[in-house]
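Read the structure below first, then the notes.
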Amino acid sequence: MGTFVFTLAREPRTWKRTASVNGRRVTPASQEEHQQALGWAATARRPRRWPLDARYAVLIDVYLSRRSTSDLDNYAKNVLDALEGVAWSNDRQVDDLHVRRHLDSANPRTVVHIATREAL
């Protein structure tokens, strides 16, 4: 079983529904940029021969600079989508997911723990 942990040292962001413009789905640029930053942070800490075809357990800790009324699951969705092709092929491979929200006004960040699991 393999594991790795990475941190993105910036304010966590929630997943936002894509808008429809002239019949095309458009993801907000700020969301794309945040997801790309999550992907780069994960890539920098991922073990060399990390399997993209396993089953996974994921713990996500979001540390916010101020209280939020955002749905906790939208922080998770943003992270899970960002890591497709980086930590797994598809986020459907995540069998165990825990998400926790914390307040840390001095150091907002997202900390993600990923572990491979036995297939269910």
Requested in this report: Treating only the Cβ atoms of Lys and Arg (+1) and Asp and Glu (-1) as charged, compute the dipole magnitude of the chain about its Cα centre; round to the nearest 20 debye.
Outcome: 220 debye
Report task. Over the alpha-carbon set of the range 51-115, work out the extent along each principal axis and list the three values in angstrom, largest first. Result -> 37, 19, 17
Requested in this report: Please get the size of the charge dipole for the range 52-120, origin at its Cα centre, with Cβ charges of +1 on Lys and Arg and -1 on Asp and Glu, quoted in debye to the nearest 20.
Outcome: 340 debye
Report summary line: Here the longest stretch of the chain that holds no trypsin sites (Lys or Arg not before Pro) in a DSSP loop having at most 16 other beta carbon atoms within 10 Å is 68-120
Report summary line: Checking 91, 81, 71 against a Gaussian network model of the chain (alpha-carbon springs below 10 Å), the top fluctuating residue turns out to be 71
Report summary line: Between the residues 63, 52, 107, the Cα farthest towards the positive end of the dipole of the chain, that dipole coming from +1 and -1 charges on the beta-carbon of Lys, Arg, Asp and Glu, is from 107
Requested in this report: Note the direction-averaged projected area, equal to a quarter of the hull surface, for the Cα convex hull of the chain, in nm².
Outcome: 8.0 nm²
Requested in this report: Subtract the Cα-Cα distance of residue 52 and residue 3 from 0.36 nm times their separation in residues, and report this length gain in nm to one decimal.
Outcome: 16.4 nm
Query raised in the report: What residues qualify as long-range amide H neighbours of residue 99, i.e. H under 5 Å apart, gap of 5 or more or another chain, H built at 1.01 Å from N?
Result: 60
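Any read-out appearing in this document is the output of simple, stated calculations on the displayed coordinates, not a laboratory observation. Nothing here was measured: the structure is a model prediction, and the numbers come from that model. Note that each Cβ is placed from the backbone with ideal geometry, even for glycine, and that neighbours are counted across all protein chains shown.
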